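*Asks:* Have a look at this one before I ask anything.
The values are calculated or read from the model by the stated rules, or taken from the named source; none is laboratory data. Source: prediction; values computed, not measured. Backbone-built Cβ (ideal geometry, glycine too); neighbour counts: all protein chains shown.
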Amino acid sequence: MAAAIGVRTDYTSADLRVVARRCGDGDHVRRLLAVALILDGGSRSEAAKVAGVTLQIVRDWVLRFNECGPDGLATRKAPGRASILNDEQRAKLAEMVETGPIPAAHGVVRWRLCDLAQWIRDEFALSVTRHTLGRELRALGYRKLTARPRHRGQKPDDIAVFKKSSLPVWRKSNDASQKARP
């Protein structure tokens, strides 16, 4: 059986409890108190039982504490999946969106996500879904804007005819009509 990893001694258990008292994150507090219990002379099994985790997780917490101190036990955001496109490919995509499609070459008059996904497949040999491409474009600062469709036979004078118009002046009804209601 291997020896337990030592805990750094520049912090006392009282110091960790003070930090835990000031902390607002429950998970961070739980980690700090588990390490404080170990510094008090408690066993790692005891610390795992109190924190409601396994021995392996307590070992990971001790390693993080030894490396970064109490801040190393703070809740971290998961890095997530790496992006499909690299910076150079994103720059080319942004350039393509800015210049717009060439109808003769690209076969479209405006870019749609499916058209850009096809362009990426042809250009970089990468398969990107429309949803992923939408997130990439949004991260680049682009928004999906579409002009409102207009019928080719629509005449500007006809719009005014079909618009609803309200009464030009509203009048307050007289008190007699309000009193007559039950």
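*Asks:* Under the condition of being surrounded by 13 or more Cβ atoms within 10 Å (Cβ to Cβ) and part of a loop (DSSP other than H, G, I, E, B), which residue from segment 101-120 is farthest from the chain's Cα centre (by Cα)?
*Replies:* Val108
*Asks:* Sort out which residues of segment 16-26 are in contact (Cβ under 8 Å) with a residue 40 or more places away in the chain and either part of a helix (DSSP H, G or I) or over 37 Å from the mean Cα position of the chain (by Cα) (or both), and write them in order of number.
*Replies:* Result: Leu16, Val19.
*Asks:* For the list (1) out of contact with any Leu (no Cβ under 7 Å at 6 or more places or on another chain); (2) over 30 Å from Cys23 (Cβ atoms); (3) not hydroxyl-bearing (Ser, Thr, Tyr), I need the number of the one condition that Ala74 fails.
*Replies:* Here Ala74 meets the rest and fails (2).
*Asks:* Okay, moving on. Have a look at Ala82, Ala91 and point out the one that is assigned by TED's automatic domain parsing to the domain that holds Leu133 and under 32 Å from the mean Cα position of the chain (by Cα).
*Replies:* Of Ala82, Ala91, the one residue that is assigned by TED's automatic domain parsing to the domain that holds Leu133 and under 32 Å from the mean Cα position of the chain (by Cα) is Ala91.
*Asks:* A further question follows. Just checking, does segment 66-89 include any residue being in a helix (DSSP H, G or I), at negative phi and basic (Lys, Arg)?
*Replies:* Within segment 66-89, not a single residue is in a helix (DSSP H, G or I), at negative phi and basic (Lys, Arg).
*Asks:* Name, by its number, the condition in (1) over 30 Å from Arg138 (Cα atoms); (2) outside any loop (DSSP other than H, G, I, E, B) that does not hold for Gly42.
*Replies:* Every listed condition holds for Gly42 apart from (2).
*Asks:* Output the residue which, of all residues in segment 56-79 that are among the basic types (Lys, Arg) and under 29 Å from the mean Cα position of the chain (by Cα), is nearest to Arg8 (Cα to Cα).
*Replies:* Result: Arg64.
*Asks:* Out of the residues in segment 75-95 that are charged (D, E, K, R) and loosely packed, with under 13 Cβ neighbours inside 10 Å, state the one that is farthest from Val29 (Cα to Cα).
*Replies:* The selected residue is Glu95.
*Asks:* Determine which member of the set Val29, Val58 is aliphatic (A, V, I, L, M), touching a residue at least 24 places away in the same chain (Cβ under 8 Å) and surrounded by 15 or more Cβ atoms within 10 Å (Cβ to Cβ).
*Replies:* Val58
*Asks:* If the requirement is being of a type outside the set (Val, Ile, Thr), assigned by TED's automatic domain parsing to the domain that holds Val18, free of Cβ contacts under 8 Å to residues at least 40 places away in the same chain and surrounded by fewer than 16 Cβ atoms within 10 Å (Cβ to Cβ), which of these qualifies: Glu98, Glu123, Glu67?
*Replies:* Glu67
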